[in-house]
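Contents: one structure, followed by commentary.
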Amino acid sequence: MKVLVVGAGAYVTGRGTEGLGTVLPALAQYTKQHEISEVVVRATRESNAGVVRKAADEINRRLGTRLSVRYEAGVGASDAARGCDCAIVVVPDDEHFSVCAALLESRVHCLVVKPLAPSMDEASKLVALQREHGVHAMVEFHKRLDAQNRIVKRLLDEGRIGRISHVNVTYSQRASVPGQLFRQWAEWSSIFQYLGVHYVDLIHFLTNFRPVRAMAIGCRGVLERQGLDVDDAIMAMVVWASPDDPMQRFVANFTVGWIDPSQSTAESDQRYSIVGATGRFECDQKNRGLQLVAEQTGVRAINPHFSEYLSDQAGGIDFAGYGADSIACFLEDVSRIRAGEARWQDLVECRPSFEQALISTSVVEAVHESLASNGEWKDVASFVRR
């Protein structure tokens, strides 16, 4: 299998962070059990070549792998996709449509980081292109694979807390994320589009409910003083309805921000609760029970379940966690499709497919419309269309 990676930033190589990213380590780990003939990393700047080479060498050294990684500088995706069996797209939100459209038209199976696209117009066009060209296409909503969330889903399916009344989500990141790491494109996104969308998809995954209406207000000041025209935080309310009984509803409240101090014990502070008629869930997704205290880094809360280097029983190192699992799942799907063991149509309802991602994109769009109209309630397009 030959894999194209479009983008060479933090999630691919760890550029601008203390780590080595998630995508390249996940691909290297995959080669311990499966074959990847080559990974081609495509990005716009020639200067990325050294970053990619250094990251690949260090990842191979740590994991004891021999992943072949080649870097290409260029702006197009379709020419780079020639001869590739699939592609992983890790570019700024506003570039998702153009890159994914070119790949789909080249009949390349595609995995893109969240969100699918900033607007329903672009997202719907990508779904149409995927259907037209008959390829597998997924959004990398890795929270569906987190063991905490999978337990919550099972217990919800069993009716353990009764009919859902309301959901509360709080999710924030350090100010260095928009201020430094993603400064070049932070103004073209929002904290709800960049982070909140994860939990929009998760709520749909956990409950199978559909969003009906949304409203939102934003808070500004900190990032504006740093020269960024973007909200510090967004408070949103989304009404969800059962697809079987539209009158059965619950409300989800989102408080998302990206101005946490650098001294925060983790890059992301995230938790949610689900309250039902006969019980509730409380899910802390930052404090997983593992803490490092060191002179060099201070106090750090480590999430061992996302994507971490873990010692194995033979004295080696594995890269494991639900972040890596999400990428491996896509590669396994592609392998099965190529072998004639599965069809892309069979995976639409059981994966975070482009079609399922219309739900989260529709909420992002409605939230942005509400922000632009001083918190007015807006209908959510996905519910209206269905």
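The values are calculated or read from the model by the stated rules, or taken from the named source; none is laboratory data. Note that the structure is predicted; figures quoted are calculated from it, not measured. Positions of Cβ are backbone-derived with ideal geometry, glycine not excepted, and every protein chain shown enters the neighbour counts.
Would a scan of the stretch 293-305 turn up a residue that is surrounded by fewer than 12 Cβ atoms within 10 Å (Cβ to Cβ), under 25 Å from the mean Cα position of the chain (by Cα) and without any contact (Cβ under 8 Å) to a residue 12 or more places away in the chain?
No, the stretch 293-305 contains no residue that is surrounded by fewer than 12 Cβ atoms within 10 Å (Cβ to Cβ), under 25 Å from the mean Cα position of the chain (by Cα) and without any contact (Cβ under 8 Å) to a residue 12 or more places away in the chain.
Please go through the stretch 258-292 and pick out each residue that is of a type in the set (A, V, I, L, M, F, W, C) and either farther than 26 Å from residue 59 by Cα or under 18 Å from the mean Cα position of the chain (by Cα) (or both).
Of all residues in the stretch 258-292, those of a type in the set (A, V, I, L, M, F, W, C) come to 258-259, 266, 274-275, 277, 281, 283, 290, 292.
Answer for the stretch 258-292, where residues must be of a type in the set (A, V, I, L, M, F, W, C) and either farther than 26 Å from residue 59 by Cα or under 18 Å from the mean Cα position of the chain (by Cα) (or both): 258, 259, 266, 274, 275, 277, 281, 283.
Condition first: part of a helix (DSSP H, G or I) and within 21 Å of the chain's Cα centre (by Cα). Now tell me which residues in the stretch 352-380 satisfy that. Please lay out each step first, then the result.
Step one: of the stretch 352-380, the residues part of a helix (DSSP H, G or I) are 357-372.
Hits for the stretch 352-380 are 357, 358, 359, 360, 361, 362, 363, 364, 365, 366, 367, 368.
Go through the stretch 306-334 residue by residue and tally those that are touching a residue at least 40 places away in the same chain (Cβ under 8 Å), farther than 30 Å from residue 353 by Cα and not small (Gly, Ala, Ser).
Residues meeting the conditions: 1.
Grab the helices (runs of 4 or more DSSP H) fully contained in the stretch 16-105, keeping just those with 3 or more residues being surrounded by fewer than 23 Cβ atoms within 10 Å (Cβ to Cβ).
Where helices (runs of 4 or more DSSP H) fall fully within the stretch 16-105 and carry at least 3 residues being surrounded by fewer than 23 Cβ atoms within 10 Å (Cβ to Cβ), they are 48-63, 96-105.
Quick test for you: out of 332, 349, 341, pick the one residue that is assigned to a helix (DSSP H, G or I), surrounded by fewer than 20 Cβ atoms within 10 Å (Cβ to Cβ), acidic (Asp, Glu) and out of contact with any Lys or Arg (no Cβ under 9 Å at 6 or more places or on another chain). Show your work before the answer.
Working: 349 fails: assigned to a helix (DSSP H, G or I); 341 fails: assigned to a helix (DSSP H, G or I).
Residue meeting the stated conditions: 332.
Looking at 30, 71, which one is more than 19 Å from residue 330 (Cβ to Cβ), at pLDDT 95 or above and among the hydroxyl-bearing types (Ser, Thr, Tyr)?
On the way: 30 fails: more than 19 Å from residue 330 (Cβ to Cβ).
Just a single option satisfies the conditions, and that option is 71.
With the checklist (1) at pLDDT below 95; (2) crowded, with 18+ Cβ neighbours inside 10 Å in hand, flag the one item residue 354 doesn't pass.
Going through the list (1) at pLDDT below 95; (2) crowded, with 18+ Cβ neighbours inside 10 Å, residue 354 breaks only (1).
Working only within the stretch 96-111, note down all residues that are of a type in the set (A, V, I, L, M) and more than 17 Å from the chain's Cα centre (by Cα). Steps first, please.
From the stretch 96-111, those of a type in the set (A, V, I, L, M) are 99, 101-104, 108, 111; that's our starting set.
Result: 101, 102, 103, 104, 108.
Among what's in the stretch 74-93 and is at pLDDT 95 or above and either not aliphatic (A, V, I, L, M) or not assigned by TED's automatic domain parsing to the domain that holds residue 34 (or both), pick the residue that is nearest to residue 358 (Cα to Cα). So that I can check it myself, show each step before the final result.
To start, the set of residues in the stretch 74-93 that are at pLDDT 95 or above comprises 84-93.
Next, from what is left, pick out any that are either not aliphatic (A, V, I, L, M) or not assigned by TED's automatic domain parsing to the domain that holds residue 34 (or both): 84-86, 92-93.
Numbers: 84: 27, 85: 25, 86: 22, 92: 18, 93: 15 Å.
That would be 93.
Please note which strands (runs of 3 or more DSSP E) are completely contained in the stretch 117-220 and include at least 2 residues that are polar (S, T, N, Q) and surrounded by 15 or more Cβ atoms within 10 Å (Cβ to Cβ). Don't jump to the end; show me each part of the working.
Details: elements: 137-139, 164-174, 210-219.
Here the list reads 164-174.
When you scan the stretch 170-214, how many residues do you find that are touching a His at 6+ places or on another chain (Cβ under 9 Å) and over 17 Å from residue 359 (Cα atoms)?
We begin by selecting, within the stretch 170-214, every residue touching a His at 6+ places or on another chain (Cβ under 9 Å); these are 171, 190, 192-193, 198, 210-211.
Retained after the next criterion (residues that are over 17 Å from residue 359 (Cα atoms)): 171, 190.
Final tally of qualifying residues: 2.
Residue check, residue 114 against (1) surrounded by fewer than 22 Cβ atoms within 10 Å (Cβ to Cβ); (2) in a loop (DSSP other than H, G, I, E, B), all met but one. Which one?
All conditions pass for residue 114, except number (1).
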